Structure formats: C-alpha cells, structure tokens
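A short write-up of the structure that comes next.
The values are calculated or read from the model by the stated rules, or taken from the named source; none is laboratory data. Just so we're clear, the structure is a prediction, and the values are computed from it rather than from any experiment. Here Cβ is always computed from backbone atoms with ideal geometry, including for glycine, and neighbour counts include all displayed protein chains.
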Amino acid sequence: MITCYLRYVIDPYKVTDFETYARLWIPLVNRFGGTHHGYFLPHEGANNIAFALFSFPSLTAYEIYRERILTDEECQAAFAFAETTRCILSYERTFLRPVFEGESRNAEQIQWAAQLREIPQTFRNALRAGDEQIFRHRPAAGEWSAIEVVGHMIDKMSHWSRRVERIAYEKRPTLPGYDQDAEVLEHGYQQADPAVLFEDLQQQCERFAALVAALPSSALPREGIHGEYGPMTLQQCIQAPLESVAEHIEQLHTAQQVALAEHAEE
C-alpha cells in the first residue's frame with residue numbers, strides 16, 4: 001500500500017473553485033485503481049491551506065496512474081480548470097508510509113541521513129547570531145548575507161528532497177530547476193528571525209534524512225531528468241546538496257568576515 005498526502009496552497013477567495021476541482025479528481029483516482037479518502041477544505045476567505053489523501057495498492061499501480069493522467073482527457077480537463085481559475089497556487093506531495101517495506105538499505109544511506117541531520121547545527125555554529133549588523137550584512141551588490149545563506153539552505157533541502165522523492169516514486173520524472181536568488185528574496189530571509197530559520201532548516205533536513213533512510217538501496221540507480229544537468233540518479237540527488245555544504249559554510253564565513261572588516265574601519 002502506498003498512501004499519498006497532498007498539501008495545497010490555494011487562493012482563499014477561490015475555495016469554491018477548488019472544491020469543483022476536487023470533485024473532478026475524486027472519481028478519476030478511483031477509476032485508475034486508487035482510493036480517494038477525501039479533500040479537506042477551508043472556509044471561503046478563512047485561510048489558504050487545503051489537503052487531500054489517497055492511496056494505491058502498490059508502487060506499480062501508482063506509477064501507472066501517474067502515466068495515465070498525462071494523456072487522459074478528463075484529467076487534462078481537471079488540470080485546465082485549475083489553470084484557468086488559478087485556484088491552486090502551489091502544492092506539495094508527501095508519501096506517508098514507506099512503500100519499500102522489507103527491502104534492504106546500505107550503510108551509505110545511514111551515513112547520508114546522519115550528515116543531513118548535522119546540517120542545521122553546522123550552520124548554527126557558523127552564524128554570529130548575536131550580531132545582526134554582521135549576519136545581515138551583504139558583502140556586495142547581488143551577494144547574499146550570512147543569514148540569506150542559511151535561508152538558501154532551507155530552499156536547497158526542500159528542492160532536492162522533492163527531487164529524490166519524485167525519482168523514487170515516479171518513472172524518470174522531469175526535475176525542474178529554480179531561481180536561487182529570486183527565492184531568497186521572495187522568502188524574505190534577509191529580515192527573518194534566525195531562530196525561525198533554523199527551525200525551518202531542521203524540519204527540512206529531518207524530512208530529507210527520513211526519506212533517504214527509508215529508501216531501499218535498489219532505488220539509488222533510478223533516474224530523473226534535470227533541466228540543466230540532464231539525467232541524474234537518485235543517489236546523485238542525495239549527494240549533490242551534501243557536497244555543497246562546505247561551499248556554503250565558506251560563503252557564510254566570508255560574508256561575516258567582510259562585515260567585520262568593514263565595521264572595524266568605521
């Protein structure tokens with residue numbers, strides 16, 4: 001059994017449109033061999049979060065469903081309705097239970113999971129959290145402050161964990177890129193409370209680590225297609241963010257050193 005949980009960010013004033021979209025999908029999931037357990041919607045104008053829960057008897061059944069919805073006319077009509085009404089702003093899919101029960105993991109996976117869990121403390125130790133003038137200082141135009149480097153790590157963990165998840169549960173999925181600078185600005189990391197950012201980073205790293213530890217070693221060669229890098233294995237998608245940690249710690253240190261030097265000259 002594979003159980004999927006969907007968390008939607010919706011337009012709070014288009015709940016009725018989202019409900020229409022939900023009613024379109026319930027029979028479609030059931031028609032393709034799944035069981036739709038329901039949608040959970042907010043009141044109109046109250047908040048912008050909705051949820052859905054459905055399950056399939058196996059990973060194979062889920063993969064068949066994912067392939068069929070790309071060409072099925074009713075599914076495409078449902079997608080078109082959501083696009084036209086713009087009721088859905090974004091969504092995130094999470095698998096609630098491991099679907100590879102009983103399969104083996106290797107020692108490297110345990111090591112990678114441990115390294116992921118160490119990331120928040122590594123950055124916490126590096127940030128001069130008691131001195132806002134230092135950790136919010138941008139070394140130059142277009143460069144990140146130390147606190148923005150921490151924020152970028154939140155984004156990085158989120159994107160790479162979703163890529164790993166997609167490769168694990170989908171057949172050679174497309175792995176879209178993202179604009180790192182735009183997300184750092186959009187998420188307002190420069191003004192953020194460090195304690196809040198480290199809590200977010202802790203959650204993202206823990207989610208990623210749990211996923212890595214739960215996957216079977218047989219899944220590591222599975223591939224996805226990155227928009228910039230081309231084919232990437234699941235293993236490469238785990239290792240890529242881990243290999244960038246040292247670079248970002250150095251980036252954080254440099255930003256703070258520049259700030260200290262400039263303040264010393266004042």
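What do you reckon, is Glu223 surrounded by 17 or more Cβ atoms within 10 Å (Cβ to Cβ), in the same structural domain as Asp131 (by TED's automatic domain parsing) and touching a residue at least 60 places away in the same chain (Cβ under 8 Å)? Considered against the rule, which asks whether it is surrounded by 17 or more Cβ atoms within 10 Å (Cβ to Cβ), in the same structural domain as Asp131 (by TED's automatic domain parsing) and touching a residue at least 60 places away in the same chain (Cβ under 8 Å), Glu223 comes out as no. Cβ-Cβ contacts under 6 Å between residues 6 or more apart (or on different chains), taken from a first residue in the stretch 16-33 that is touching a residue at least 24 places away in the same chain (Cβ under 8 Å) to a second residue that is among the aromatic types (Phe, Trp, Tyr), are listed as Tyr21/Phe81; Ala22/Tyr39; Val29/Phe54; Phe32/Tyr65.
Summed over the stretch 149-182, the residues that are touching a helix residue (DSSP H, G or I) at 6+ places or on another chain (Cβ under 8 Å) and either among the aromatic types (Phe, Trp, Tyr) or under 29 Å from Tyr62 (Cβ atoms) (or both) give a count of 18.
Applying the criterion of being touching a helix residue (DSSP H, G or I) at 6+ places or on another chain (Cβ under 9 Å) and at pLDDT below 90 to the residues of the stretch 83-96, the residue that is surrounded by the most Cβ atoms within 10 Å (Cβ to Cβ) is Phe95.
The residues in the stretch 49-84 that are β-branched (Val, Ile, Thr) and either in contact with a Ser or Thr (Cβ under 8 Å, 6 or more places away or on another chain) or assigned to a loop (DSSP other than H, G, I, E, B) (or both) can be counted, and the count is 2.
For (1) surrounded by 19 or more Cβ atoms within 10 Å (Cβ to Cβ); (2) part of a helix (DSSP H, G or I); (3) acidic (Asp, Glu); (4) touching a His at 6+ places or on another chain (Cβ under 7 Å), each residue gets a yes or a no:
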| residue | (1), (2), (3), (4) |
| --- | --- |
| Gly151 | yes, yes, no, yes |
| Lys171 | no, no, no, no |
| Tyr178 | no, no, no, yes |
| Ala195 | no, yes, no, no |
| Gln202 | no, yes, no, no |
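Annotation note: of Gln190, Gln121, Gln109, the sole residue that is surrounded by 17 or more Cβ atoms within 10 Å (Cβ to Cβ) and either over 21 Å from the mean Cα position of the chain (by Cα) or not in a loop (DSSP other than H, G, I, E, B) (or both) is Gln109. Considering the stretch 5-48, the residues that are part of a strand (DSSP E or B) and at pLDDT below 85 include one that is surrounded by the most Cβ atoms within 10 Å (Cβ to Cβ), namely Tyr39. Please verify whether Ser161 is surrounded by 13 or more Cβ atoms within 10 Å (Cβ to Cβ), modelled with pLDDT under 95 and within 24 Å of Pro120 (Cα to Cα), treating the condition exactly as stated. Judged against the criteria, Ser161 is a match.
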